[in-house]
Structure formats: C-alpha cells, structure tokens
Amino acid sequence: MTTLVELTQVTKTYDDGAGGRPALDAVSLAIGSGEFTAIMGPSGSGKSTLLNLVAGLDRPSAGRVTVAGEDLGRLSEARLARFRRSEVGFVFQFFNLLGNLTVLENVLLPAQLHSGRPAQVGARAKELLARLDITGLADRYPARLSGGQQQRVAIARALINRPPLLLADEPTGAVDTHSGEQIMELIEGLNREGQTVLLVTHDAKLATRHAGRVITLIDGRVDDDTRFESSGPVPESLVTVRIPEEQR
Amino acid sequence: MSLKFGILGLLAEQPLHAYSVKARFEDLLGGSWEVNIGQVSTTLQRLERDRLVEPAAARGERGRLPYRLTEEGRKALDAWLTEPESEPQQLREAIYLKLLLAARVANGDLPSLLARQRRVYLQRLKDLAVLEQKAKSAGRDDLVLLYKGAVLHTEADLKWVDVCAQEIRTGSDRR
C-alpha cells in the first residue's frame, strides 16, 4: 500500500492571542492509498483542523503535511489552489451547494475551474449522477432537495475531478438517520472501488461500521489508532441474553 | 423469572415438550444463549404445579410429554408482557471491578487499561454490525432489534470509557 497522506510532527496553533493549547500537537500519521480512515474525538480535539490541513485549506504552524507526494507547506497559494481542485474532494456537513445553480451545474463547477475537456467532464458528471442515484435530479435546484439528496450532489461534486483523496467532515451530521446510513453506504462503496476516504465523525457506530481504521484524537494528539480485524466470521455468542433462573 | 415466562410465551404458540422448548428458545435468541435441558424440565414441572401449564397429550416418543398453556398461564403471560422491567441495573462486566481496583492498586495503569478497553468496544461495534446485517439478510427482524440494543449498550460503554479517561486527565491537570 503506497502512502497517500503523511503528517510528520504537525502542530497547528491558532493565533488567538491567548497562547492556548495547540489545536494539533506534534501529530504524526500516515494513510495508505485505498484506506477508509475515520477520525474521531470530542469537540475541540483537532479533527477538523487535521482535515483542513490535509485539504490544503490551512497550513501547519510546524511540521510537514504531504498529500499525493506534494509537501503542502512548500506550495505557493496558486499551486495550493490547483492542488485542492485536483487532488482532494471535500464533503461538508451542510453540503455547501450553490443555490442559484442546478444540481448538474453544481457538480460541474469544480471541473470548469479545473479546465477539464467539456466532453469528458460531461460524461464524468453523468456517470457520477448515475452512481449516486440522482440522475433524475440534474436540473433541479438544491433548495428543492432533501438533505440526503443534497449530500449526494455534494459527493458527486467532490469527485468530478477524480481526486485520489475524498475528505468528509461529518457528512451525515445534517441528515436523518436513514439518509445518513445511505450516504455512508455510498461512501463505503466508493472506497471499495478504490477511493481513499478520510472521514471526520463523532459517531462511533458509523465510524466502526464503515471504516477499516479509526484514529482517535484527544486534545490535539493521537490517542488511539485502531485497525479492525476482519478475519473469520463473527460468533453469534458475541451477545449473550441472560435468562434469570427460576428461584422457586 | 424470565425463563418461566419465556416458556409460557413459546407454549402460547403451540404445545411443546421440553426438548422442543429448548430448541425453540435457542432459535428465538439466534444462538446467543444455550439453555440447559434440566433447567427447562424443572421449570416446566413447576409451571405444571402452579397450574400455568398442563399436559397436552399422553407421553409420546421416548416418554416425552407435551405441555400446553392453561387459561391461568395465558393470563399470567399477558400480564407479564405488558409490565415494564424494573430490575436493578446490573454492571456485570469485569471492567467495572478492574476500574475500581486499578485506581487503588499500586502500578494499576488506568489510562492504558481504558485505551485498550476502548479498542475492544470499537471492534465490538464493528462485529455487531456484521451480526445485525446477517440477521437482516436472514429476515430475522426480531434479532436485528436485539443487536441494535447491543450496539446502543456498546456505544454507552464507549462513552463511559471516554468519560473516565477525561476525568483522569482533568484530575491530573488539577494536581
């Protein structure tokens, strides 16, 4: 497995003048190509900071962030912008779709900014809409869609430029439970097809159900890094229902 | 007391002898519980003594006696099914005892115990998802509910471990 994301002694301190605890504190970790990794941790543990650094939306105060062979700290703003368009797709909790554009226009937007060939881009958009089961919504506007549908559109938009890395920050946080499960199943399906996924969530059930690895951050540090075992069938005796004995 | 009512519930569907009761019980709980045949026989005898069940026919093959529910048994079952359960909370897992002892015994390393316990709970959540999916595919919606219950309990255990770890961290910050 080749390494796609690597953080080496990464510290991020926000300049709030308070001189408080760093949001990330000397974090080192590597994520392989094709992995589905969930980042968990309580509020303020540094999850979103980590995601923003990997996305090139922010720069580390110290240490090195490398994604797809690019040392993000060394890139100029222009090259960083290009990196964000081609190497990462970002899915947000609140979808962040543009309300005055149709579904298809929203999905196509990153490709237009990336100056892809129109014919190929059109085919890719069609393929994604079909893959995410929203072909029938292509001409609708986001305001007319349910949360679950909007998040599917956001995933299609994130993947239009075929980025090697999909980042998702609480992608099910603003949708109902059932839609949330569907969204996660879609993301897991994309991962099975080879998409590397880095997911931030506070939901242990979703994280363990769909990801192969869970990294837990506490106070800006890696507290735990668990890769799940999937050897052999799970015994039904994992759950024992206790039937109290008759006393008399 | 649940074995008694478990048997009454199975007999409410059809008359059964002790061995069928055992087999049906195990199937009902999806293999998550193995019941002792002696326990079932004794309970059936007590139920007969209390007139909640009665023989449904003469002894059959290998002397097996089928039982059915009496009117009184039906009433007792109906009453039990509508009653909520208010047994005291039972924290039965050894981790609770370990937690108490590790905090007192010298060299008891509580943070690393909690971290390892957390991994166990994460793996359990993953495994329960597999069982839930298996039950769903098998059309066993009742077992799906059982596993959902187990998932929620494990989520609570996981939160509890996090709370313990948090308390220990803030405790050592204060010192």
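Values quoted throughout were computed directly from the atomic coordinates according to the rules given, and no laboratory measurement underlies them. Bear in mind the structure is a predicted one, so any value in this text is a computation, not a measurement. As a convention, Cβ positions derive from the backbone with ideal geometry for all residues, glycine included, and neighbour counts pool all protein chains shown.
For this structure, a couple of remarks:
- Region A:124-165: projected area of the alpha-carbon convex hull, averaged over directions, in nm²: 2.9 nm²
- Electrostatic dipole magnitude of the protein assembly as shown [Cβ: Lys, Arg +1; Asp, Glu -1; Cα centre; debye, to 20]: 540 debye
- Rounded to whole Å, sorted largest first: equivalent-ellipsoid semi-axes of region A:30-97, Cα gyration tensor: 19, 15, 14
- Cβ-derived FRET efficiency at R0 35 Å, A:Ala30 paired with B:Asp173, nearest 0.05: 0.70
- Available extension along the chain between B:Ala115 and B:Tyr96 is 5.4 nm, counting 0.36 nm per residue and deducting the alpha carbon span.
- For region A:32-171, the Kirkwood hydrodynamic radius from C-alpha pairs, put into Stokes-Einstein at 10 °C and a viscosity of 1.306 mPa s, yields a diffusion coefficient of 99 µm² per second.
- Extension reserve of the B:Gln45-B:Ala156 stretch, reckoned as 0.36 nm per residue once the Cα distance is removed: 36.0 nm
- Approximate spin-label separation B:Glu13-A:Leu113, in nm, with each point projected 7 Å along Cα-to-Cβ: 5.9 nm
- Applying the criteria of a DSSP loop state and at most 14 other Cβ atoms within 10 Å to the trypsin sites (Lys or Arg not before Pro) of region A:122-213 yields no site.
- The base-10 log of I(q)/I(0) for chain A, evaluated at q = 0.08, 0.11, 0.12, 0.13 Å⁻¹, reads -0.34, -0.62, -0.73, -0.84 [Debye formula, identical scatterers on Cα atoms, solvent excluded].
- Cross-link partners of B:Lys159 among lysines (Cα-Cα below 28 Å; sequence separation of 8 or more within a chain): A:Lys12, A:Lys47, A:Lys205, B:Lys98, B:Lys126, B:Lys134, B:Lys136, B:Lys148
- The order of the peptides A:160-173, A:69-82, B:12-25 by mean Cβ neighbours within 10 Å, most packed first, is A:160-173, B:12-25, A:69-82.
- Kirkwood Rh and Cα Rg combined as Rg/Rh, the protein assembly as shown: 1.10
- Peptide B:153-160 has a mean of 2 when you count, residue by residue, the C-beta atoms of other protein chains within 10 Å of its C-beta.
- Nearest-0.05 FRET efficiency for A:Asp16 and B:Asn107, computed from C-beta distance (R0 41 Å): 0.50
- Antiparallel bridge percentage (DSSP; both residues within chain A; nearest 5): 55 percent
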